[in-house]
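The values are calculated or read from the model by the stated rules, or taken from the named source; none is laboratory data. Owing to the predicted nature of the structure, the values given are computational and were not obtained by experimental measurement. Virtual Cβ from ideal backbone geometry, glycine too; neighbours counted across all protein chains shown. Heavy atoms of the whole protein, side chains included, go into the accessibility calculation; ligands, DNA and RNA do not. Shrake-Rupley method; radii C 1.70, N 1.55, O 1.52, S 1.80 Å.
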Amino acid sequence: MRLVLVGPPGAGKGTQAEFIAERFSIPKISTGDIFRANVSGGTELGKLAKSFMDAGDLVPDEVTIAMVRDRLGEPDAATGFLLDGFPRNVPQAYELDSILGDLGAVLDVVLELEVDSEEVVRRLSGRRTCRGCGKIWHVEFDPTSKDNICDRCGSELFQRDDDKAETIANRLVEYAEKTAPLVDFYGAQGKLVGIDATGPVEDVTVRAIDALRSYGG
Ligand SMILES: [Zn+2]
């Protein structure tokens, strides 16, 4: 099964990606992992990407696309994969089609984790990160026994800029502008499957696996 996973920030994509990839025995390929592997492996693309990151610039699309192309060409991805973080927009979706076309493959399905904006704000704005050990807590879903103090190491908690209401609102607008057209694009191809991604993590996993069952595994 060749699968792309999409969903707004805070939809629990990373967690679900792990479970789905394991269930269908396909590699989970995230753009973050590809970046890290190239940079730490010292590949030409990694060096190029690092030069942009060190200068505080965004890594250009061409570099990301070249890394995805390399990764999808590796043997473990030959019969299937779960892609997380790529494509992010319609032009990248065309690039993915072109990469797969060169490999003699086609994308089977795009799974969208559906969470409304209010729920995303609730999930993300409640997150608190430990200054000491980095553990992430949640004021509502995973609270510490003492306010703002990590149960694990006793250090103070703080709210990352990424988890502040204003930043979340900006990220949601960005998601809607760039990724929503992607969802429409795959919908028009009949490749889109949406599931309700609210409620307990285990329930979402069950819904995801049910939705994907007919595509393989
Ligand atoms: Zn801690």
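Which loop trypsin sites (Lys or Arg not before Pro) in the range 37-132, with loop taken from DSSP, have no more than 14 other Cβ atoms within 10 angstrom of their Cβ?
Arg131
Hey, what number do you get for the chain at 222 nm if only DSSP H runs of n ≥ 4 count, each worth -39500 (n - 2.57), divided across all residues, to the nearest 500?
-14500 deg cm²/dmol
Only sites in a loop by DSSP and with at most 15 other Cβ atoms within 10 Å count here; which chymotrypsin sites (Phe, Trp or Tyr not before Pro) in the range 136-217 make the cut?
Those that pass, being in a loop and sparsely packed, are Phe141.
Using a 10 Å cut-off on Cβ atoms, rank the peptides 101-113, 5-17, 33-45 from the highest mean neighbour count down.
Values: 101-113: 16.5, 5-17: 20.4, 33-45: 15.0.
Ranking the peptides 101-113, 5-17, 33-45 by packing returns 5-17, 101-113, 33-45.
Grab the Cα-Cα distance for Ala78 and Arg171, subtract it from 0.36 nm times how many residues apart they are, and report the gain in nm with one decimal.
Additional length available on full extension: 30.1 nm.
State, to one decimal in nm, how far the label point of Arg23 lies from the label point of Ser214, with both points 7 Å from Cα in the Cβ direction.
Reported label-point gap for Arg23 and Ser214 is 1.6 nm.
Rounded to the nearest 5, what % of the DSSP beta bridges within the chain are antiparallel ones? It would help to have the intermediate numbers written out before the result.
Details: 8 of 24 bridges.
Of all bridge pairs located within the chain, approximately 35 percent are antiparallel.
Measuring with a 1.4 Å probe in the full set of protein chains, what accessible area per residue, in whole Å², belongs to the range 147-202?
60 Å²
Loop-only check: which GluC sites (Glu not before Pro) in the range 122-178 are DSSP coil with at most 11 other Cβ within 10 angstrom?
Within the range 122-178, the qualifying GluC sites (Glu not before Pro) (loop, at most 11 other Cβ atoms within 10 Å) are Glu140.
Could you check how much of the accessible area of the range 2-146 is carbon and sulfur, as a whole percent, using a 1.4 Å probe?
51 percent
Between Phe141 and Glu118, what length in nm is gained on full extension when 0.36 nm per residue of separation is reduced by their alpha carbon distance?
Separation in residues times 0.36 nm, less the Cα-Cα distance, equals 6.7 nm.
Rounding to the nearest 20 debye, state how big the charge dipole of the chain is about its Cα centre with +1 on each Lys and Arg Cβ and -1 on each Asp and Glu Cβ.
480 debye
Can you give me the distance in nm between label points at Ser98 and Phe52, each placed 7 Å from the Cα along the Cα-to-Cβ direction?
Inter-label distance under the simple model: 1.5 nm.
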